[in-house]
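Q: I'd like to ask some things about the structure below.
Just so it is clear, none of the values below were taken in a lab; they were calculated from the coordinates. Please read all numbers here as calculations on a predicted model, not as lab measurements. Quick reminder, even Gly has a Cβ in these numbers, built from the backbone with ideal geometry, and neighbours come from all protein chains shown.
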Amino acid sequence: IFLQPRLAAAAAPAYLIGCRRGLASKPKTKVYQALPFTQLVKKQLLNLRCVVGWRRDPYLKVAKSLYCVCAEYPDHSGEWIARLGLDDSFATWHGVTSLHLWLVMQRLRAICEQTVSKGSVDIDYPTTYVLYGMGRLFHADIRQRLHDFPTVSTKIRTAGQLFNQFQHVNFLYKLAYTDTDMALAEVLWKQVCHGSPNVDAEGLNLLVRYVRANYRHLSTVPNSDLVDNGIATFLPLVPKPSRDETKAWMRQRLKHALAPQSTVQRAGQQQGGS
């Protein structure tokens with residue numbers, strides 16, 4: 001089922017499967033846990049640039065923008081915690097962020113497949129490196145958040161194990177999405193809600209409809225917005241009364257996610273000053 005890379009010595013990351021017919025080898029560079037997140041981002045961009053041997057700064061900036069949207073766009077306190085009854089914890093953030101990363105990555109994979117199917121190129125390099133960059137940044141952000149809150153790491157697995165879990169969850173989401181609502185609800189309850197007894201059947205139904213609605217919504221986002229500008233939006237978990245209110249909410253959340261002083265960047269600045 002899975003294609004093996006022809007240009008790499010090691011297997012490609014799971015989030016790149018289906019996006020290429022060949023792939024340059026993954027850079028073997030160390031990410032230092034003590035660096036602030038903003039510096040980690042810069043280091044990741046430099047490392048990714050070494051993969052191909054020439055500058056791809058626009059695509060790496062796109063990866064950072066899309067990752068910030070996935071990590072900061074959801075209204076964790078106002079919707080996910082208050083409406084679904086999830087715990088206000090690192091595990092909830094990780095589960096919600098993983099879900100939104102999968103949604104965006106599925107859309108990017110579709111762009112890869114469309115480009116390759118036209119026969120003009122064997123690899124959609126821009127989209128492929130956006131996908132790769134998002135995965136690297138997610139791993140770096142996990143490490144930084146665990147470093148900022150050392151008590152968390154004693155209760156859950158390490159950053160590497162969490163990232164490996166994310167690659168496994170990508171496969172589960174894809175299988176469940178093409179299956180029944182019951183199968184999708186089971187995966188969401190385990191991966192996003194972590195089996196919480198506070199989430200009732202109505203909450204699971206709301207979550208299933210949210211995933212399917214946003215999957216369709218992202219398919220309407222122009223390719224240029226995603227690959228060239230790094231812009232993606234999500235519909236609210238709890239539907240708004242009118243379309244105008246929905247659009248206003250989406251604009252506000254996108255502005256929050258891409259703000260210079262987002263939670264992701266503040267975490268790095270606080271670690272750098274400590």
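Q: Just how many pairs of Lys in the range 55-256 have C-alpha atoms closer than 19 Å, counting pairs that are eight or more places apart or on different chains?
A: 6
Q: Right, next: With the crude spin-label approximation of a point 7 Å out along Cα→Cβ, what separation in nm comes out for Asp244 versus Ser89?
A: Between Asp244 and Ser89, the simple spin-label model gives 4.2 nm.
Q: Let me ask something else. Stokes-Einstein diffusion coefficient for the range 155-234 at 25 °C in a medium of 0.890 mPa s, Rh from the Kirkwood formula over Cα pairs: what value in µm²/s?
A: Using the Kirkwood radius from Cα pairs, D works out to 171 µm²/s.
Q: If you don't mind, another one. Subtract the Cα-Cα distance of Asn205 and Asp179 from 0.36 nm times their separation in residues, and report this length gain in nm to one decimal.
A: 7.9 nm
Q: Using modelled backbone amide H atoms (1.01 Å from N, in-plane), which distant-in-sequence or interchain residues come within less than 5 Å of Ile123's amide H?
A: none
Q: Looking at the P(r) of the range 55-256, how many percent of alpha-carbon pairs lie beyond 31 Å?
A: The proportion of pairs with Cα distances above 31 Å equals 17 percent.
Q: With each label point set 7 Å from Cα along the Cα-Cβ vector, what nm distance links Asn198 and Ala82?
A: Output for this residue pair reads 1.4 nm.
Q: Let me ask something else about it. What do you get when you divide the Cα radius of gyration of the range 77-125 by 2.2 N^0.38 Å, with N the number of residues?
A: Dividing the Cα radius of gyration by 2.2 N^0.38 Å gives 1.76.
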